[in-house]
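Shown next, in structure tokens, is the structure this report addresses.
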Amino acid sequence: MTATILPLQSSSIQLRDTIEYPATGVLNKILVKDNNCQHTLLCLAAGSDISEHHSARNATINVVAGKGVLTLEGKDIVLEPGVFVFMPARAPHALKAEENLAFVLTFSEGK
């Protein structure tokens, strides 16, 4: 079982202090999780990619730092700080980190 950073009660953290880039690939840290949602900080090393896949749940991406490209249902979306993306359940998507990239990925119930 993966430990979460935050307890299931009112709490907060500074995301900048939680970012930790791996030398290669992806590092993820579950921030908080319950039966309906999971909030995970993903940190990708520059040049890393995640091949096309889909999820059974709705998801959002909220970019904290860095730059990358998300290909969502065949359309490229530039990921940079402040960008928020909604991905419906079962939407095909892939990701490429052009620089070190950090974002919060939230899974919620799908249709």
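Things worth noting here:
- For region 27-108, the equivalent ellipsoid derived from the Cα gyration tensor has semi-axes of 18, 16, 11 Å, listed largest first.
- Site pair residue 62 and residue 85 shows an inter-label distance of 1.7 nm when each label is modelled 7 Å from Cα along Cα→Cβ.
- Each of residue 73 and residue 50 was given a label point 7 Å from its Cα along the Cα-to-Cβ line. The distance between the two points is 1.8 nm.
- Dipole check for region 27-108: with +1 at the C-beta of Lys and Arg, -1 at the C-beta of Asp and Glu, and the Cα centre as origin, the magnitude is about 240 Debye.
- Contact order, relative form, for the chain: 30 percent (alpha carbon pairs under 8 Å, 6 or more residues apart, mean separation divided by residue count).
- Listed values for region 34-44 are Karplus-derived 3J(HN,Hα) couplings in whole Hz (6.51 cos²θ - 1.76 cosθ + 1.60, θ = phi - 60°), namely 9, 6, 10, 9, 9, 10, 10, 8, 9, 10, 10, and x replaces Gly and Pro.
- Normalised by residue count, region 42-88 yields a Cα convex hull volume of 82 Å³ per residue.
All of the numbers you see were taken from the coordinates with simple rules; none came from a lab. Owing to the predicted nature of the structure, the values given are computational and were not obtained by experimental measurement. Counting neighbours? That spans all protein chains shown, and the Cβs are built from the backbone with ideal geometry, glycine included.
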